[in-house]
Every structure is written in structure tokens, then in C-alpha cells.
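No lab work stands behind these numbers, since they all come straight from the coordinates. Everything numeric here is computed off the predicted structure, so don't read it as measured data. Here the Cβ positions follow ideal geometry from the backbone for every residue, glycine too, while neighbour counts run over all protein chains shown.
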Amino acid sequence: MLLLGLAATLGENVIVGVTSDEFAGVKPHRVEAFTERFNKVSRFLRSVGCGGFKVLKLDDFAGPATTLDNGSLLVTFNTLRNGLLINRIRVEKGLPPLELLLAPLLEAEDSNPISSTRIRMGELDEKGFSKSLKA
């Protein structure tokens with residue numbers, strides 16, 4: 001939720017993509033149903049007072065980012081490559097590149113980044129603490 005909170009703080013009109021069940025199905029771990037993830041994101045953005053936001057279903061990595069008139073794209077080190085690819089696609093379509101804003105990754109106690117994937121796979125708890133170090 002840190003990335004969503006940062007987006008809500010930085011943006012006037014925030015567009016958040018939530019992967020479809022089919023697109024998320026390639027993950028090596030269980031992923032909550034689209035509707036549940038969609039509702040969680042919407043509730044969170046409302047709870048932090050994000051004024052203007054849209055939550056959209058993503059069936060690919062880019063979603064509407066390749067067709068927006070302008071804007072910024074919040075990326076992490078892990079998604080920077082996709083941000084650069086999105087901008088290349090935009091330039092090929094005659095659109096200006098989006099401003100890429102690099103959000104920091106928080107480290108877990110094992111010095112590796114905290115991620116929803118690591119939490120879902122059971123490596124970390126919700127606060128970034130290693131479950132294997134608690135035993």
C-alpha cells in the first residue's frame with residue numbers, strides 16, 4: 001500500500017491498474033480474486049483522501065499508459081523497464097513520453113525488498129519481517 005499512498009500524495013488524478021485474474025494467473029503464488037483486489041485498492045484510496053482516482057482492470061502490463069494524453073508514471077526499480085517500454089511505445093505512436101517517477105523500495109529485515117509477492121509466498125509478514133527468522 002506504500003506505492004498507492006505515494007501515488008495518492010503525488011497525483012491529482014490517479015489511475016491505478018489492477019491486474020485481471022487471467023493476467024495475474026501467471027504468478028507462481030495464489031493471488032486474490034480481481035474483485036477483491038479492486039475493492040481493496042478503491043477503499044484504500046478513499047481512506048487516504050485521494051480526490052480524483054480511477055481503478056481499472058489491466059489485461060496487459062501497460063494498460064491505458066500507452067494512450068493517455070500526458071502524465072506521470074510511478075515506477076519502482078523492478079518496474080522501470082516496463083516504464084521505459086511504455087514510453088517507447090508512446091513515442092512510436094507520436095505521443096510524448098510520460099514522466100517516470102522512481103519510487104523507492106523498502107527493505108525487509110533480510111535486506112531484500114518488501115513485495116506483495118514475497119508476502120503472498122509466505123517469506124515475509126505484512127510488516128516486512130521474515131517468517132523464517134521468527135521460528
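Structure above, values below:
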read-out	value
Overall form of the stretch 2-105 per C-alpha gyration tensor (a/c, 1.5; a/b vs b/c)	oblate
The stretch 84-98 - phi-based ³J(HN,Hα) in whole Hz, Karplus 6.51/-1.76/1.60, Gly and Pro as x	5, 5, 4, 5, 5, 4, 4, 4, 4, 8, x, 9, x, x, 7
Using a Förster distance of 41 Å, the FRET efficiency for ALA33-LEU80 (Cβ separation, nearest 0.05)	0.90
Between helix 34-47 and the chain: long-axis angle, C-alpha atoms, 0 to 90°, nearest 10	80
The chain - mean residue ellipticity at 222 nm from DSSP helices (-39,500 (n - 2.57) per run, n ≥ 4, rounded to 500)	-9500 deg cm²/dmol
Anchor LYS127: aspartates and glutamates whose Cα lies under 15 Å away (excluding residues fewer than 8 positions away in-chain)	GLU107, GLU109, ASP110
Inter-probe distance in nm under a simple model that places probes 7 Å from Cα toward Cβ, at GLU123 and PHE44	1.9
Theoretical gain in end-to-end length, ASN13 to LEU95 [0.36 nm per residue, Cα-Cα removed]	27.6 nm
